[in-house]
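Below is one structure, written out as structure tokens; comments come after it.
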Amino acid sequence: MPELPEVEVLARHLQPLLPGKIIRSVQVRRPKVIQPGNPETFRRALLGAKFTGLTRRGKYLLFQLRRPGTRETFTLLGHLGMTGRMYLAAKNLPPPKHAAVVLELGRQNFIYEDPRYFGRLTLNLDPVAKLGPEPLTDDFAAGPFAVALRRSGQAVKVKLLDQSLVAGIGNIYASEALFRARISPRLAARRLTAAQVKRLTAAIRTVLAEAIDCGSTLPLNFGGGPAGGLFYFGHTPGAPDFYTERLCVYDRAGQPCLRCGHAIRRIVQAARSTFFCPQCQRKM
DNA sequence: CACCATGTTCCTTG
DNA sequence: CCAAGGAACATGGT
């Protein structure tokens, strides 16, 4: 569930549900996910606090909270890792097997579950300071992006995963953006021409924006249920989902390119899969 | 049993 | 100090 579009769709879902809700109890079932920091201080900070807002930055969720009886606000940082989900569930339901944190909010519980526990729900905001520009705002421009790319001889695909260059792109949308821009994932970052960087910048914006639009219109079941497709929420088995409908190259090794028909290839870069069309994405 | 998986950080090496 | 590569984290699916 965890690249920028999926996090954005989740943020839009939770945004209207949280403000005004007060944290009545705090259960840290996996201390690892609130680190650095210990369950005691975490509990004390959150208990009685009221949600006031929610924003997204890269793949992070920023929960705004206010301490009881004061105007003092603070931020709780959420990250879904590879397999995390955050949602509201009825209080009477037993927490899922891999519930990492459960916040009681009146009639509902805020659940953070994560089978692999790679994600975070923490008061430590350091990671956000290291993020590069937001790709869907004017902060992300071809000029500075080109300068950053020029400093590296690594493959451009690998650089797209560097959150300090541009925030929010993950393994799926890195492949998708390069396909859209018709650039080989193996091209060394510093070898991209100005025209290619411009295309890539635009492709990143388009690919992410389209994914958000698509996820916003899908009938997602945020309450849980079996995960389906990219958006890790319940969906009707057999029904079309974003994952199969919208991705052009990711996880399509051997299948025909939607643009030219050539077989999509899978290669490994920096120990992660990359998918591309060798015909459309030449190394030039 | 084997290998794969939407992410990030830490450690080592050069 | 920096870039780059790899392991580690932990669990589930195929």
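Listed here are the residues, each with its yes/no results for (1) among the hydroxyl-bearing types (Ser, Thr, Tyr); (2) exposed (fewer than 13 other Cβ atoms within 10 Å of the Cβ); (3) under 25 Å from A:Leu131 (Cα atoms).
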site: A:Gln15; (1), (2), (3): no, no, yes
site: A:Gly20; (1), (2), (3): no, yes, no
site: A:Arg30; (1), (2), (3): no, no, no
site: A:Ile34; (1), (2), (3): no, no, yes
site: A:Pro39; (1), (2), (3): no, no, no
site: A:Arg44; (1), (2), (3): no, yes, no
site: A:Phe51; (1), (2), (3): no, no, yes
site: A:Leu62; (1), (2), (3): no, no, yes
site: A:Leu93; (1), (2), (3): no, yes, no
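Can you name the residue in the stretch A:144-159 that is free of Cβ contacts under 8 Å to residues at least 24 places away in the same chain and not small (Gly, Ala, Ser) and, of all such residues, is nearest to DNA strand C (Cβ to nearest atom)?
Out of the qualifying residues, it is A:Val147.
On the basis of being more than 10 Å from DNA strand B (Cβ to nearest atom) and either assigned to a loop (DSSP other than H, G, I, E, B) or surrounded by 15 or more Cβ atoms within 10 Å (Cβ to Cβ) (or both), does A:Phe118 make the cut?
Spelling it out, it is not the case that A:Phe118 is more than 10 Å from DNA strand B (Cβ to nearest atom) and either assigned to a loop (DSSP other than H, G, I, E, B) or surrounded by 15 or more Cβ atoms within 10 Å (Cβ to Cβ) (or both).
Condition first: assigned to a strand (DSSP E or B) and of a type in the set (Ser, Thr, Tyr). Can you find one or more residues in the stretch A:78-85 that meet it?
Looking for residues that are assigned to a strand (DSSP E or B) and of a type in the set (Ser, Thr, Tyr), one finds none in the stretch A:78-85, hence no.
Any residue that is within 16 Å of DNA strand B (Cβ to nearest atom), of a type in the set (Val, Ile, Thr) and touching a helix residue (DSSP H, G or I) at 6+ places or on another chain (Cβ under 7 Å) - is there at least one of those in the stretch A:128-149?
no
Which members of the stretch A:56-76 meet the condition of being within 13 Å of the chain's Cα centre (by Cα) and part of a strand (DSSP E or B)?
Within the stretch A:56-76, A:Arg56, A:Arg57, A:Tyr60, A:Leu61, A:Leu62 qualify.
Which residues, counting only those in the stretch A:109-143, are without any contact (Cβ under 8 Å) to a residue 24 or more places away in the chain and either touching a strand residue (DSSP E or B) at 6+ places or on another chain (Cβ under 8 Å) or within 14 Å of DNA strand C (Cβ to nearest atom) (or both)?
Correct list: A:Asn109 only.
If I filter the stretch A:265-284 down to residues being closer than 12 Å to A:Pro185 by Cβ and outside any strand (DSSP E or B), which single residue comes out as nearest to DNA strand C (Cβ to nearest atom)?
A:Ala270
Any read-out appearing in this document is the output of simple, stated calculations on the displayed coordinates, not a laboratory observation. Note that this is a predicted model, so its numbers are computed, not measured. We place every Cβ from the backbone using ideal geometry, glycine too, and count neighbours over all the protein chains shown.
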